[in-house]
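K.L.:
The structure under discussion is supplied below as C-alpha cells; questions concerning it will follow.
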Amino acid sequence: MIVYKFGGASIKDAGGIRNLKEIVTTVKDNLVIVVSAFGKTTNALEKVLKTWIAGDESYKELLDEIYNYHLSVAEELSPAADSAKSKIDNSFAKLEEYLRSTKKSEYDYEYDQVVSYGEIWSTIIVAAFLKNSGLKAEWIDIRGNLITDDRFRDADILWNESTARVKNVFSFKGTNIYVTQGFIGSTISGQTTTLGREGSDYTAALLANMLDAERVVVWKDVPGLLNADPKWLSDATRLEEVSYREAVEMTFSGAKVIHPKTIKPLHNKSIPLHVKSFLVPEEAGTIIKSDTALKHGLPVFVKKENQMMISILPKDFSFAMGENLSRIFYLFIRHGIKVNMVEASAISIDVCVDDDRTRIGSLINDLKTEFTAAYNDNVEMLSIRHYTPEAIERMTIGREILLEQRTRNSVRFVVRKVTTD
C-alpha cells in the first residue's frame, strides 16, 4: 500500500486534476490519496474568516468567489465530475448557514470550523472525477477517523483511537483507491480541528504509519528537495537522498517543502518519503529515508521570514535561567507560540518566533508583571547546514546580524536587512 499526497499547487485547476489521474492510474498497489485545498483556497478562506469576525458583510462576496472557482473546476471536468456539484452546493450551504447563524467564538476554534472546508471541497471533486473516469475510488471524510485533542489550529493526534478507526475504514474492501483530506481532523465529540498550516504532509505520514504503508510520495511543483528555495536562490540544486535527521533539521529551520511534523511517524516505522515533481513524474526526485551517508556535500540554505525577536529580562535582574526560564517557556506554550531559536545569557533570554501579533501581544501582557520584554520585528531567521565561509558571506551580506548560533554542522542567524538611504 502506498500513500500519495498532492498539494494545492498541483491541483489548482482542472488540468492539474487530470494530471493527478494520469499519475495514479499507473499505480498497481492499493493507494491512499491525500489532497490539499485547491490553489490558494486556504488563504481565501482565512480572508473570509477575518472579514466575518470583523462583522463585515463583504465576507459573503468573498465566499461566492471561492464557490464559483470550485464550480468552474468541476464544470471543466464535466461530465466526469458532475456528481460533485450537488455535494459542493450542499457543503457551501452548510458553511453559509454556519456563518449566518453562529455566535462567534474564539479565533482558533472558528478558524478550524471555517478554513477546513477547503479540503472537503477539493476531495469531493477529485474523488468524483476519478470514480467517474473508471477508477475504483472512494471518498473518505478523514474527520471521523483522525481523532485529535481540542487544541484548535495545532491539534495533537490521539493515536490509539485514530489508528483503530483508520484501520477499520481504510480496509480496501471493494476498492483500491481512497481519496481523503489532509490538514484536518476532529475531536472525539466531532468538532473539526486542523493540524497546523500546511499540515497535509503530516496527514499523509500519519496514515502511512497507521496503515503500514510501503512508502509515501509527496507531489510538489519542484523536482524534489532542494538545497534552497528556488524562488530565493536561482542556483538551487536537487538533493538525491536525505536522511530523516537532515530533513528534520531543514523543516525545523523553516524549509517549506515538507511539514515539520511529517518525518517522525515515518521514521518510527522506517517508511521512506519520496518528494517528486507532478510536472515531470518520471524523474527521480528526492528520497528521505533512514540515516544515510551525506552524499551531496552542499550547503543547505533555509530562510524563515516574518519573524520577531523578543528579548526578555527579569525586572529584578535575577538570573534568567532556572525558575525564570521555566516560567517564561510555560507562557510561550500556554499562548501557543512555537520557539524557532533561543539564546540565554545570565540575565536575558532572546527568542525568535513567528510574527503572530495577536498571540505575542497576549504573551507580552502576561510577561510584564515579572519581566521586561522588547522586540525587533521584520526580521528573518537564516539557517545554513554544512556551512562554509563562502556560504555565510553569501547569506549575511547586506544584513545586520542580531543573533547568531553555531554548531559543528549548522549556523543560524537572526538578521535584518540593512536599508540604505
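K.L.:
Can you tally the net charge around L211? Count Lys and Arg as +1, Asp and Glu as -1, for every other residue whose Cβ sits under 14 Å from the Cβ of L211.
P.N.:
On the way: positive: K5, R165, K167, K173, R215, K269; negative: D29, D212, E214.
Residues close to L211 contribute a combined charge of +3.
K.L.:
Under the rule a/c < 1.5 gives rounded, and otherwise a/b versus b/c splits prolate from oblate, where does the range 2-220 land using the Cα gyration tensor? Could you put the intermediate results ahead of the total?
P.N.:
Details: a/c = 1.96, a/b = 1.22, b/c = 1.61.
Judged from the Cα gyration tensor, the range 2-220 comes out oblate (a/c at least 1.5, b/c at or above a/b).
K.L.:
Could I ask something else about it? How big is the Rg/Rh ratio for the range 81-151, C-alpha atoms only, Rh by Kirkwood, two decimals? Don't skip to the answer; put the middle values down first.
P.N.:
Working: Rg = 14.4 Å, Rh = 13.8 Å.
Ratio of gyration radius to Kirkwood radius: 1.04.
K.L.:
Just how many % of Cα pairs in the range 300-417 lie over 17 Å apart, if you round to the nearest whole percent?
P.N.:
Values: 3839 of 6903 pairs.
Of all Cα-Cα distances in the range 300-417, 56 percent exceed 17 Å.
K.L.:
So what is the orientation-averaged projected area of the chain, using the convex hull of its C-alpha atoms, in nm²? Present the calculation step by step, with values, prior to reporting the outcome.
P.N.:
Numbers: hull surface 91.9 nm².
Average of the hull's projected areas for the chain equals 23.0 nm².
Just so you know, all these numbers are worked out from the coordinates, no wet-lab data involved. These figures come from a predicted structure and were not determined experimentally. Cβ coordinates were reconstructed from backbone atoms using ideal geometry, including for glycine residues, and neighbour counts include every protein chain displayed.
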